[in-house]
Amino acid sequence: MQDVDAMNASLRAFSEGLIDYAGLFPPAGLDMQPAITNFLDYRAGAFQQQLGSFVIPAARLSELDATASPLAIHAQQWGAVPFSVLAGGGSDTAVFHQNMDTALKQVEGFLDVHGHNVRVSAFEIRLPDVLPDAEALPKELTQLIKTVHAQLDTDPDFFFELKRDASWPENVGRLTGALASVSGPFAPALIGFKLRCGGVKAEMFPSVAEVACAIHSCVHADVPLKATAGLHHPVRHFNAGVQTRMHGYFNVFGAIMLAKVHGWNPSKIEEMLADEHAAHFIFDVEGFAWKHFRADLPQIRAYRAGLATSYGSCSFAEPLEDLHTLGLLSAHPQL
């Protein structure tokens, strides 16, 4: 087993549990069997501290029935296997509720098959395209969370995703305000915002301004943020495959923490998100820094736990390989 201690304390704190494995999704697009096998191997491997949950649509949970035995054997040594379940979506509230009802039945069936060998660590819920108004939205969110608790007898985190359209700034503010207003009774579960940072086409990547809008709104309201897609690499860069600039996970998660520590406005967040110079991102014995802005170790740990939570990636290896390329990981990760 490799010596993960070669990763310094600030980088370990920054990256602990950061990557939710989404190997089922493009561009990896693995079948269920190789994807879950990878996840179990990573969870028992040298870089297990960097790994979070297995991301899976509710509609595909039944495919894991065939892996009940491997999951049980793994759970005996490493604990219940964590799953982050995707659900929701729909053109309007009625369709959304139908989709959620179906998803909850699928999760119930999954838990019946696997019992204590698995746990639903989070629900990642796509809200309807037409968002409820500011008065109705908190009530909708509260009722949804209570319904999940009642039907599943579990206490997962929740992250809610918006459709990205011309109403983005307004809807981001509406959602983060609603999330902040309803989260208290459900603590210590996190009730947060899900930010999609990319995809397989250039138009699926939000602008620096759109990402900064979401980060600023979440930080200002103390709403946890989970990201997904387009964050395979640490630092923002141009990707020839999709012919656009891809956001970096140092940029995004560093900006969340530093915006909280230093009270940044959206313009300063945009500046960090747009930075493509790896040398500006520093991990040392005292903490993390971007240029002359710093977050110390206790701040990194606190804000990673409750504000800058994790991101979904179809590759677990690529983010770690890049750390080695940048000289932040002494040995090449063997995964």
Subject >> Of the criteria (1) touching a strand residue (DSSP E or B) at 6+ places or on another chain (Cβ under 6 Å); (2) at pLDDT 95 or above; (3) at positive phi, which one ASP222 fails >> reply: (1)
**OP:** Pick out, from the stretch 192-289, the strands (runs of 3 or more DSSP E) lying fully within it that include 3 or more residues that are crowded, with 23+ Cβ neighbours inside 10 Å.
**Re:** 225-228
**OP:** Say whether the condition of being under 19 Å from LEU111 (Cβ atoms) and part of a helix (DSSP H, G or I) is met by at least one residue in the stretch 30-37.
**Re:** yes
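Given the criteria under 18 Å from the mean Cα position of the chain (by Cα) and of a type in the set (Gly, Ala, Ser), does SER69 qualify?
Working: under 18 Å from the mean Cα position of the chain (by Cα): no; of a type in the set (Gly, Ala, Ser): yes.
No, not satisfied.
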Original post:
Restricting the stretch 47-69 to residues that are touching an Asp or Glu at 6+ places or on another chain (Cβ under 8 Å) and among the small types (Gly, Ala, Ser), which is surrounded by the fewest Cβ atoms within 10 Å (Cβ to Cβ)?
Top reply: GLY52
Subject >> Flag if PHE47 is touching a Cys at 6+ places or on another chain (Cβ under 6 Å) and in contact (Cβ under 8 Å) with a residue 24 or more places away in the chain >> reply: no
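Would you mind stating whether LEU104 is touching a Pro at 6+ places or on another chain (Cβ under 7 Å), within 25 Å of LYS139 (Cβ to Cβ), in contact (Cβ under 8 Å) with a residue 40 or more places away in the chain and not small (Gly, Ala, Ser)? Step through it out loud before you land on a result.
Values: touching a Pro at 6+ places or on another chain (Cβ under 7 Å): no; within 25 Å of LYS139 (Cβ to Cβ): yes; in contact (Cβ under 8 Å) with a residue 40 or more places away in the chain: yes; not small (Gly, Ala, Ser): yes.
No: the conditions fail for LEU104.
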**OP:** Would you mind telling me which numbered condition in (1) under 28 Å from THR154 (Cβ atoms); (2) at pLDDT below 95; (3) within 16 Å of the chain's Cα centre (by Cα); (4) not β-branched (Val, Ile, Thr) GLY199 fails?
**Re:** (1)
Original post:
Which members of the stretch 69-96 meet the condition of being among the β-branched types (Val, Ile, Thr) and in contact (Cβ under 8 Å) with a residue 12 or more places away in the chain?
Top reply: VAL81, VAL85, THR93, VAL95
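In the stretch 298-321, how many are surrounded by fewer than 20 Cβ atoms within 10 Å (Cβ to Cβ) and either farther than 20 Å from SER84 by Cβ or in contact with a Phe, Trp or Tyr (Cβ under 7 Å, 6 or more places away or on another chain) (or both)?
Just the residues of the stretch 298-321 that are surrounded by fewer than 20 Cβ atoms within 10 Å (Cβ to Cβ), to begin with: 298-299, 301-302, 305-306, 315, 317-318, 321.
Next cut, either farther than 20 Å from SER84 by Cβ or in contact with a Phe, Trp or Tyr (Cβ under 7 Å, 6 or more places away or on another chain) (or both) only: 298-299, 301-302, 321.
Going through the stretch 298-321 one residue at a time, the tally reaches 5.
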Original post:
So which of ALA202, ALA150 is out of contact with any Ser or Thr (no Cβ under 7 Å at 6 or more places or on another chain) and either hydrophobic (A, V, I, L, M, F, W, C) or within 25 Å of MET272 (Cα to Cα) (or both)?
Top reply: ALA150
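The values are calculated or read from the model by the stated rules, or taken from the named source; none is laboratory data. Bear in mind the structure is a predicted one, so any value in this text is a computation, not a measurement. A quick note on method: Cβ atoms are made from the backbone with ideal geometry, for glycine too, and the neighbour counts reach across all protein chains shown.
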